[in-house]
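S.K.: Before we start, here is the structure in question, set down as structure tokens.
Each reported figure results from applying straightforward, stated rules to the coordinates on display, with no laboratory input. Keep in mind that what you see is a predicted model, and the values were worked out from it rather than measured. Cβ: placed from backbone, ideal geometry, glycine included. Neighbour counts: every protein chain shown.
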Amino acid sequence: MPTANDLIYQAALKLGAIGTGEALTASESADSLSILNSMLEYMGVNPQLIYHVVQNTHSWPAATQSQTIGVGGDIDMSWPVTIEDGTYYRDVHNIDSQVVVLQDRASFDGIASKTDQTTFPLYMFYDRAYPLGTINVYPIPSTPITLFLNTWQPLQSFTIGTEALALPPGYQWMIEHNLAVHLQPVFSMPVPAPVMAEANSSRRTIAQNNDIPIMPGTEVAYVLNGRGRSDIEAGV
């Protein structure tokens, strides 16, 4: 598994900032680590580059319309970037019911009678307040059920340069080339054309492998591109 220092070294090498076997200065290493973490954090909110959707289970009490989510919340877990379609509920009889994840507050606010109760919620809206978000559902479950929650799993960040990162195939190559692009301000050097081309090409390859269409012309600037969503008004 590559460490942060490995990724930074390879990126600086591709940029031409150092030669083979040369080392970065302490300040260059610190700046590069900060940029690497910022880049990984931004990749973590980009649906084109997410490589892992995690499913967690949580108890949802009866007669409860909303629960907070995040570290220390009702659902105590890392604050999720977003909730994915495919999230569902299961009752005590092991019957499952998928919930429609609404992507805007207006759709949820447009529900006239939010106090209705039934066995399973039909709709869910995630208010992404940070550090504690709120999951709202309709109708309200009349009995205790279990939530199977699908959320994006972002790439980790590094606290020290020797920390390792487990990556699926292709991600190390993509990160090294895109990091080389983003390290340009640290070293005040132009990005070689082959490195820029490979940064864009590798990102497209990862997006295609994740089976998510990439927007044309985005180049190195990462552009958020939402997945297809259900629409409560259209009934799809």
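S.K.: What's the extension gain from T143 to T20 if we count 0.36 nm per residue and subtract their Cα-Cα distance? Could you put the intermediate results ahead of the total?
M.R.: Numbers: separation 123, 0.36 × 123 = 44.28 nm, distance 6.38 nm.
Between T143 and T20, full extension yields 37.9 nm more.
S.K.: In what sequence do D74, D96 fall when counting other Cβ within 10 Å, fewest first? Before the final figure, lay out each step's value.
M.R.: On the way: D74 17, D96 12.
With the sparsest Cβ surroundings first, the list reads D96, D74.
S.K.: Let me ask something else. Rg(Cα) of segment 160-206 divided by 2.2 N^0.38 Å? List each step's numbers first, then the result.
M.R.: Working: Rg = 11.8 Å, N = 47, 2.2 N^0.38 = 9.5 Å.
Output field value: 1.24.
S.K.: Then there is this: Working out 0.36 nm times the residue gap between A193 and V92, then minus their Cα-Cα distance, what length gain in nm do you get to one decimal? Intermediate values should be presented prior to the final figure.
M.R.: Details: separation 101, 0.36 × 101 = 36.36 nm, distance 5.89 nm.
Stretched fully, the A193-V92 segment lengthens by 30.5 nm.
S.K.: Here's something else I'd like to know. Please provide three numbers in whole Å: the alpha-carbon extents of segment 40-90 along the principal axes, with the largest listed first.
M.R.: Computed over segment 40-90, the largest-to-smallest principal extents equal 38, 24, 15 Å.
S.K.: Read phi for every residue in segment 120-126 and hand back ³J(HN,Hα) as whole Hz from Karplus 6.51 cos²θ - 1.76 cosθ + 1.60, θ = phi - 60°, with x for Gly and Pro.
M.R.: Coupling constants for segment 120-126: 10, x, 9, 10, 9, 10, 9 Hz.
S.K.: Above 15 angstrom, tally the Cα pairs of segment 1-104 and express them as a % of all pairs, no decimals. Write out the running numbers ahead of the final one.
M.R.: Numbers: 4058 of 5356 pairs.
Distances greater than 15 Å cover 76 percent of the Cα pairs.
S.K.: Got a sec? How would I18, I75 order by Cβ neighbour count within 10 Å, fewest to most? Display every interim value, and only then the final one.
M.R.: Details: I18 15, I75 19.
In order of increasing Cβ crowding within 10 Å: I18, I75.
S.K.: Calculate, for T3 and A106, the FRET efficiency according to 1/(1 + (r/R0)^6) with r their C-beta to C-beta distance and R0 41 Å; round to the nearest 0.05.
M.R.: Efficiency, from the Cβ-Cβ distance: 0.35.
S.K.: Can I ask one more? Go ahead and run the numbers for FRET between Q208 and L13, Cβ-Cβ distance against an R0 of 35 Å, rounding to 0.05.
M.R.: On the way: r = 27 Å, r/R0 = 0.76.
The calculated FRET efficiency here is 0.85.
S.K.: Same structure again: Taking the number of other C-beta atoms within 10 Å as the exposure measure, put H182, H177, H93 in order starting with the fewest. Don't jump to the answer; show the numbers that get you there.
M.R.: Numbers: H182 19, H177 25, H93 6.
Taking fewest neighbouring Cβ atoms as first place, the list is H93, H182, H177.
S.K.: How charged is the neighbourhood of P2? Take every other residue with its Cβ under 15 Å from the Cβ of P2, and add Lys/Arg as +1 and Asp/Glu as -1.
M.R.: On the way: positive: K14; negative: D6, E163, E176.
Every neighbour counted, the sum reads -2.
S.K.: Please compute the alpha carbon radius of gyration of the chain, then divide it by the globular-protein estimate 2.2 N^0.38 Å. Two decimals is fine. Display every interim value, and only then the final one.
M.R.: On the way: Rg = 21.4 Å, N = 236, 2.2 N^0.38 = 17.5 Å.
Normalised Cα radius of gyration, the chain: 1.22.
S.K.: Springs between alpha-carbon pairs under 10 angstrom, Gaussian network model over the chain: which of P169, P80, P139 fluctuates most?
M.R.: Among P169, P80, P139, the largest GNM mean-square fluctuation belongs to P169.
S.K.: I've got another one for you. Please list the non-local residues whose amide H lies under 5 Å from the amide H of Q117, H modeled 1.01 Å from N, same-chain partners needing a gap of 5 or more.
M.R.: I140
S.K.: Taking the Cα centre of each part, how many Å lie between segment 63-82 and segment 124-157?
M.R.: Cα centroid of segment 63-82 versus Cα centroid of segment 124-157: 6 Å apart.
S.K.: May I ask you to derive the relative contact order of segment 1-86, considering only C-alpha pairs under 8 Å and at least 6 residues apart, and to give it as an integer percent?
M.R.: Working: 40 pairs, mean separation 13.8, N = 86.
Averaging sequence separation for qualifying contacts and normalising by length gives 16 percent for segment 1-86.
S.K.: Applying the Karplus parametrisation 6.51 cos²θ - 1.76 cosθ + 1.60 with θ = phi - 60° to the phi angles of segment 157-169, what ³J(HN,Hα) value in whole Hz is obtained for each residue in order, glycine and proline being reported as x?
M.R.: Each residue of segment 157-169 in turn: 10, 10, 8, 9, x, 8, 6, 9, 9, 7, 10, x, x Hz.
S.K.: Another question, if that's okay. Taking H placed 1.01 Å from N in the peptide plane, check which residues at least 5 places from V100 or on another chain put their amide H under 5 Å from its amide H.
M.R.: Y123, M124
S.K.: Could you pull out every residue, at least 5 positions away or on a different chain, whose amide H is within less than 5 Å of the one on E84? Hs are placed 1.01 Å off N in the peptide plane, and Pro or chain starts have none.
M.R.: N150, T151, W152
S.K.: On alpha carbon coordinates alone, what is the Rg over Rh value for segment 53-152, Rh being the Kirkwood radius?
M.R.: Details: Rg = 12.4 Å, Rh = 13.4 Å.
Looking at segment 53-152, the ratio lands at 0.93.
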